[in-house]
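Taking it in order: structure first as structure tokens, then the write-up.
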Amino acid sequence: MGSENPRPPPCQLQVHDDRGPAYPLFLLFQSLPLHVLCIKEDLLKREQDQPTEDGARLTSQGLASEERRAVLEAIKRFTIETPSWGYGDSGTRFKVFHWPGAARNLREKLADAALVHRLTGVCPRVAIHIPWDKEDDWAAVKSYAAELGVRIGAVNPNLFQDEEYRFGSLCHPDPAVRQRAVKHVLECIQIAREVDSDTISLWLADGTNYPGQDDLRARKRRLEETLTEIYAALAPGMRLLIEYKFFEPAFYHTDLADWGMAYTLARKLGPQARVLVDTGHHPQGTNLAHIVAFLLDEDMLGGFHFNDRRYADDDLIVGSQHPFELFLVFNELVAATTSQSQAPRIDYMIDQSHNIEPKIEAMLQSVLHIQSAYARALLVDRRRLAEAQAAGDVLGAYRVLRDAFETDVRPLLAQAREEMGLDPDPIAAFRRSGYAEEVARSRPASKSGASGYPGA
Ligand SMILES: [Mn+2]
């Protein structure tokens, strides 16, 4: 049971269960009148500028206080799932650099993820990847995670690392290989049952490299067939999130290339299937906010894999390259979920690998950037926006969004953390904690491969 794992610092926060009623933050917003949702950022700015007298007056009376409280409560309830693979060494096909103290197995990954949760208060779930995180005793994993104050989130099957998958997995021309892939996903469903997870997050590396290599329609039909078999094995209430990507590792075509293909298959499968948007899986210039809005309106959005990118699937820190785009995605989420009577369940997950940067700090930075984007989206004055849109006021509408985006939400986020019994600055708290130094001492580097993701 990993006696080499450093003891985590004492837990200071109350772990809230976000698996109860789905997304209570949205329910909270639904219970408030629309004008309360339309936060006036000028009030918030005044409060930040004059944090003593004026701030006290604003927070102690009337609407401003009510608005601020709604935003604070929403921020506190918004949870983010972190990925086990983000805590271990990873790299490119050129080199995997070892980070001193990087987690070497699932238990160490869970310990690091639990620290991220203790510091932020909003990361109670950890996604796992099979077989990278494969263990013999899942009941023991479940209780170890619970001891640490976290639990297992989405189970991610791996359909790209076996020799047999050279020409694909669920779409492979050979039925025996397809059955092997189905069997692996069924094993993941079983693992999910054992760790009390209700989510299978499925990404396929399937595709071809050359025109004519395989029959595209035949591959589509094979995929429908194998996914149907998988869907039938889901436990009641379990979700199958279908993740698309337009290229890589295949370069001519990818069997699940875009949201429309994932949507079509999810629709055919049934209500337990939804689309997962990985923010790094689109061609340059794709409008992510539009895809999110469309899927939300069709109630087909099941979750996110957040990361940022500049050229390909770079898996960089969320919001580090295109913060305005991240804000616009959250703007659609807030807009859609506050106007619906039944809030959809959407899983907010990070999918990153950290090649040259410290793993835990990179994860914390991503969580903070997501919280900033969300908080800013909550500040959008939706009444003013609707008025500007109705009046054809192009730039007026744009400025409503821009005003919210440019609002400094750090004081709000700091207050939310303080109310949760947390340090207002999780990264500073992490740097002070000595955890990085401790794991660098107690986790010697493994001597295995020096290159090839995730071969560290
Ligand atoms: Mn992903």
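For the reader, a short list of remarks on this structure follows.
- Cross-chain or 6+ apart pairs with Cβ under 8 Å, the stretch 117-146 first and more than 20 Å from A429 (Cβ to Cβ), then assigned to a loop (DSSP other than H, G, I, E, B) and of a type in the set (S, T, Y): R125/T79
- Every residue from the stretch 195-215 that is farther than 15 Å from R125 by Cα and more than 16 Å from the ligand (Cβ to nearest atom): T208, N209, Y210, P211, G212, Q213, D214, D215
- Scan of the stretch 254-281 for residues that are surrounded by fewer than 21 Cβ atoms within 10 Å (Cβ to Cβ), over 16 Å from T226 (Cα atoms) and of a type outside the set (G, A, S), ordered by number: D258, P271
- Test: residue in the stretch 363-382 that is surrounded by fewer than 23 Cβ atoms within 10 Å (Cβ to Cβ) and hydroxyl-bearing (S, T, Y): no
- Scanning the stretch 304-312 turns up at least one residue that is within 16 Å of the ligand (Cβ to nearest atom), closer than 26 Å to P249 by Cβ and surrounded by fewer than 19 Cβ atoms within 10 Å (Cβ to Cβ).
- Here A257 passes the criteria (1) away from the ligand (no atom under 16 Å from the Cβ); (2) out of contact with any helix residue (DSSP H, G or I) (no Cβ under 9 Å at 6 or more places or on another chain); (3) over 29 Å from V409 (Cα atoms) except the one numbered (1).
- Tabulated pairs, the stretch 266-279, first in contact (Cβ under 8 Å) with a residue 24 or more places away in the chain, second β-branched (V, I, T) and not in a loop (DSSP other than H, G, I, E, B), C-beta under 6 angstrom, 6+ apart or interchain: A266/I242; A266/V275; V275/I242
- If the condition is being β-branched (V, I, T) and assigned to a strand (DSSP E or B), then the stretch 71-99 contributes only T82.
- Annotation note: Cβ proximity below 9 Å between a residue of the stretch 190-211 that is farther than 17 Å from F167 by Cβ and a residue that is among the hydroxyl-bearing types (S, T, Y) and within 16 Å of the ligand (Cβ to nearest atom) (sequence gap 6+ or interchain) occurs for A192/T199; W203/Y244.
- Residues in the stretch 327-354 that are away from the ligand (no atom under 16 Å from the Cβ) and in contact with an Asp or Glu (Cβ under 8 Å, 6 or more places away or on another chain): A336, P344.
- Residues that are within 16 Å of the ligand (Cβ to nearest atom), buried (at least 20 other Cβ atoms within 10 Å of the Cβ) and among the basic types (K, R) do not occur anywhere in the stretch 216-237.
- Filtering H290, H282 for residues that are within 15 Å of the ligand (Cβ to nearest atom) and either within 18 Å of the chain's Cα centre (by Cα) or part of a helix (DSSP H, G or I) (or both) leaves a single hit, H282.
Here, each number is a calculation from the coordinates, and none is a lab measurement. Note that the structure is a prediction, hence the values are computed from the model and not measured. Don't worry about glycine lacking a Cβ; one is built from the backbone with ideal geometry, like all the others, and counts go over all protein chains shown.
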